[in-house]
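The values are calculated or read from the model by the stated rules, or taken from the named source; none is laboratory data. It should be emphasised that the depicted structure is a prediction, and the values quoted were computed from it without experimental measurement. In this analysis, Cβ positions are derived from the backbone assuming ideal geometry, glycine residues included, and neighbour counts consider all displayed protein chains. Note: accessible area is taken over every heavy atom of the protein model, side chains too, but ligands, DNA and RNA are not part of it. Shrake-Rupley method; radii C 1.70, N 1.55, O 1.52, S 1.80 Å.
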Amino acid sequence: MLALKVDSKQVVGVTLGLVLGLTLALILGSISPAGFRGILDSLVWVYTNPVPHVFTLTLLSPIACAAVGLTVAYRAGFITVGSEGQILLGAIVTLWLVEYSGLNLNPQVAIPISILLGGFTGALLGLIVGVLRVYFNVNEILASLMLNYVILYVSNHLASGPWRVGPFAITRSVGEEYRLGPLVMVFVAVVLAFLCWFLLTRSSLGLAIKVYGRAPRVAETYGLNPKAIVLSVALLSGFTSGVGGALMMLGFQHSLSPMSVSPGYGYMGVLVSWLSSNNPLVVLPASWFFSSILVLGRSLQASGLPIGYVLAVQAVIVLSVMIARRLSGRWW
Amino acid sequence: MVLADFMATALIWGVPIILAALGEMLVERSGRVNLGVDGMMAFSAAVSVAVASITGSPIPGLIAGGLAGLALSTIYTITVVGLKLDQIVVGLIIALTGLGLADLVASTGHKIGPYIPYGSMLHNILVAMTVILPIALWIILYRTPYGVELRAIGYDESIARERGLRVDLVRAITISTGGLMAGVAGAYMAFVLYNGRYFSGITGGWGWLAIGSVILGYWHPVGVALAAYAVSLLIVTRPLIASELGLPPTIVPITPYIAVVIALTIVSIVTRRKPSLIPPKPL
């Protein structure tokens, strides 16, 4: 699962998995009011029309930012799913900085600061999970999931209480001058992807991460510090997700309102990371693909397709690819 | 409300967490962890409401709900036990798929159906299960050869295989049972707690609280049921806790999640000093 090599069997497996996954997606979608025809038309529209490509690029960056950090964490065997909460927290602090802090910063200062602030608060949230795992042996999957729900309800609390404006439970909107276009957002995601790739392939920490992830005992025997490794990947994955959250707020979310379920970009990041076999560079096309599915799902919301369909389809695709990859070694 | 009222309410609200946690306990006792509990609960809630709304009775809905959970857990059995895919990845995939499929089922329009009223025969049976099941499972796990086989597989898979124990069969059974129980739990949430309605995000992460309860109860049937009950007690006393601490009511929903993280930390510290308490090794 952690290998970087590409061979023909893998390619066949991935292709078959994608075909199987998309077929299942069409079948599943056909039970909704949008119907088989609606999903098929929308699928063609998403890839042939220029308009949806802009949406795809806009929604891509939080998914990609979360996923690139997760690839590093997963290679170290730190299975966090906290990216969902970290993205939301990054978005919350960004909204605070530009609208509620009262600082009235110049956009050229506010945008980089909010991206860094989002990253640092995300990293802090990641660090909590890392500390619980390293010093208290608490399972990081459960701890990070619980924190996702905590951040979700904190966000709902802010939107319905302290930050509420007007008669509806919604916060102030990010000012026009602070908003980001898709190209800047994609640029940040690409930079993060290359940094993570560089870290994994060209640095001693990257080597330590890979060794520890594959064989923790061997790593300890050779004098690597497992606590430092886990804490650093917890910080890093939290940082990239937090940056994704800042981009989400400045790029397209713009405000907060109460939600019954999280927006899902962090969970999509988890899926993307698995789909790309934890390779930070493969994450970029994979996030583009998942973002296009999200655009497809959103375009059909008015026709009655629930937005939960998007995550279900993405999860089904990842599972199909995993099954196809596993069977490709056996059957052909 | 006085304390006794809270205790009784917590039992009624705790049924889904207790059932799902007991099912997951069996899975983890056999050496696997199915993180898909929340998704199985949501999917079964949607399916059970749809079936009940079509048939006009909650009983077929309850059965369909159990089978819906079983169906999702079968994906887990095939991919994890059969194809040896990563159990964590598959579990999370099932969790996400279940939530999405649930919304998809509800989008067909069958979102409201008959409900199971408090104190009805069916409701009493379901509540009684939370008391009977822990004891029954305790007897099965600790006093029958099947239980010994199950626990042996959870402690050391390779030795169990060497000794000729039916590792894959036992795991298929526990995973299916876990799916069935998560399914009934989800159906209960829709039929009893939310008056026969399904809505997006119905489980509110209770499946994850159930998985947390398994560790808090230290994989013992009675302990798991008590831990799940304690979590439920925390959920029903949230408003009281908030007003005592002077917190605004909108921040209250975070309490069970923070409490479970703290409790997991405490359990981990306490049990680390006692090498005699060896948990199975699923996570």
Exercise. Does the stretch A:63-117 hold any residues that are of a type in the set (D, E, K, R), over 11 Å from the mean Cα position of the chain (by Cα) and over 26 Å from A:S203 (Cα atoms), and which are they?
Worked result: A:E99
For this session: Might you let me know whether the stretch B:116-125 holds any residue that is outside any helix (DSSP H, G or I), buried (at least 17 other Cβ atoms within 10 Å of the Cβ) and free of Cβ contacts under 8 Å to residues at least 60 places away in the same chain?
Result: no
Seminar exercise, completed: The residue from B:T55, B:T97, B:T77 that alone is among the polar types (S, T, N, Q), crowded, with 19+ Cβ neighbours inside 10 Å and over 17 Å from A:G264 (Cβ atoms) is B:T77
Problem set entry | Filter pass, A:T240 being assigned to a helix (DSSP H, G or I), among the hydroxyl-bearing types (S, T, Y), under 30 Å from A:N278 (Cα atoms) and open to solvent by 40 Å² or more (accessible area, probe 1.4 Å) | no
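Table: residues versus (1) among the basic types (K, R); (2) in a loop (DSSP other than H, G, I, E, B); (3) touching a residue at least 60 places away in the same chain (Cβ under 8 Å); (4) within 14 Å of another protein chain (Cβ to nearest Cβ).
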{"site": "B:G69", "(1), (2), (3), (4)": "no, no, yes, no"}
{"site": "B:I94", "(1), (2), (3), (4)": "no, no, yes, yes"}
{"site": "B:V127", "(1), (2), (3), (4)": "no, no, yes, no"}
{"site": "B:R161", "(1), (2), (3), (4)": "yes, no, no, no"}
Exercise. Take the residues of the stretch A:110-132 that are open to solvent by 40 Å² or more (accessible area, probe 1.4 Å) and in contact with a Leu (Cβ under 9 Å, 6 or more places away or on another chain): which is farthest from A:L180 (Cα to Cα)?
Worked result: A:V131
Exercise. Does A:Y178 satisfy being of a type in the set (S, T, Y), within 24 Å of A:H254 (Cβ to Cβ) and free of Cβ contacts under 8 Å to residues at least 24 places away in the same chain?
Worked result: no
Problem set entry | From the options B:V105, B:V49, residue that is more than 13 Å from chain A (Cβ to nearest Cβ), more than 24 Å from B:A228 (Cα to Cα) and touching a residue at least 60 places away in the same chain (Cβ under 8 Å) | B:V49
For this session: For B:R29, work out the one condition from (1) open to solvent by 20 Å² or more (accessible area, probe 1.4 Å); (2) modelled with pLDDT under 95 it doesn't fulfil.
Result: (1)
Exercise. If you take the residues of the stretch B:166-211 that are open to solvent by 50 Å² or more (accessible area, probe 1.4 Å) and not aromatic (F, W, Y), which of them is nearest to the other protein chains (Cβ to nearest Cβ)?
Worked result: B:R197
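Kindly indicate whether any position in the stretch A:75-84 is touching a residue at least 60 places away in the same chain (Cβ under 8 Å), under 15 Å from A:G251 (Cα atoms) and not aliphatic (A, V, I, L, M). Show your work before the answer.
Keep residues of the stretch A:75-84 that are touching a residue at least 60 places away in the same chain (Cβ under 8 Å), which gives A:75-84.
Among the residues that remain, those that are also under 15 Å from A:G251 (Cα atoms) are: none.
No; the residues of the stretch A:75-84 include none that is touching a residue at least 60 places away in the same chain (Cβ under 8 Å), under 15 Å from A:G251 (Cα atoms) and not aliphatic (A, V, I, L, M).
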Exercise. If you go through the stretch B:222-235 one residue at a time, do you hit one that is within 14 Å of chain A (Cβ to nearest Cβ), among the polar types (S, T, N, Q) and open to solvent by less than 20 Å² (accessible area, probe 1.4 Å)?
Worked result: no
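State yes or no: is A:L275 within 12 Å of chain B (Cβ to nearest Cβ), out of contact with any Pro (no Cβ under 8 Å at 6 or more places or on another chain) and of a type in the set (A, V, I, L, M, F, W, C)?
yes
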For this session: Could you tell me whether any residue of the stretch A:287-299 is at the interface with chain B (Cβ under 9 Å from one of its Cβ atoms), in a helix (DSSP H, G or I), aromatic (F, W, Y) and open to solvent by 10 Å² or more (accessible area, probe 1.4 Å)?
Result: no
For this session: Considering (1) surrounded by fewer than 16 Cβ atoms within 10 Å (Cβ to Cβ); (2) more than 14 Å from chain B (Cβ to nearest Cβ); (3) not in a helix (DSSP H, G or I), say which one A:L180 fails and leave the rest.
Result: (1)
For this session: Within the stretch B:153-164, identify whether any single residue is closer than 30 Å to A:S32 by Cα and crowded, with 18+ Cβ neighbours inside 10 Å, and answer yes or no.
Result: no
For this session: Name the single residue, out of those in the stretch A:166-177 being under 21 Å from A:L105 (Cα atoms), open to solvent by less than 60 Å² (accessible area, probe 1.4 Å) and not hydroxyl-bearing (S, T, Y), that is nearest to the other protein chains (Cβ to nearest Cβ).
Result: A:V174
Problem set entry | Scan of the stretch A:221-233 for residues that are in contact with a helix residue (DSSP H, G or I) (Cβ under 6 Å, 6 or more places away or on another chain) and either open to solvent by 70 Å² or more (accessible area, probe 1.4 Å) or not in a helix (DSSP H, G or I) (or both), ordered by number | A:L224, A:K227
Exercise. What helices (runs of 4 or more DSSP H), lying completely within the stretch A:16-116, carry at least 3 residues that are at pLDDT below 95?
Worked result: A:35-48, A:50-75
For this session: Could you list all residues from the stretch A:136-150 that are farther than 18 Å from B:L216 by Cα and more than 7 Å from chain B (Cβ to nearest Cβ)?
Result: A:N148
Exercise. Do we have any residue at all in the stretch B:76-83 that's more than 11 Å from chain A (Cβ to nearest Cβ) and touching a His at 6+ places or on another chain (Cβ under 6 Å)?
Worked result: no
Problem set entry | Odd one out for B:I140 among (1) more than 14 Å from every other protein chain (Cβ to nearest Cβ); (2) of a type in the set (V, I, T); (3) within 24 Å of B:L209 (Cα to Cα); (4) without any contact (Cβ under 8 Å) to a residue 40 or more places away in the chain | (3)
Exercise. Pairs under 6 Å by beta carbon, first residue over 18 Å from A:I307 (Cβ atoms) and within 14 Å of chain B (Cβ to nearest Cβ) in the stretch A:33-56, partner open to solvent by less than 80 Å² (accessible area, probe 1.4 Å) and not in a helix (DSSP H, G or I), six or more apart or different chains?
Worked result: A:F36/A:S30
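For every residue, the table says whether it meets (1) more than 14 Å from chain B (Cβ to nearest Cβ); (2) of a type in the set (D, E).
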site: A:F198; (1), (2): yes, no
site: A:T201; (1), (2): yes, no
site: A:E220; (1), (2): yes, yes
site: A:L231; (1), (2): yes, no
site: A:T240; (1), (2): yes, no
site: A:S260; (1), (2): no, no
site: A:P263; (1), (2): no, no
site: A:L271; (1), (2): no, no
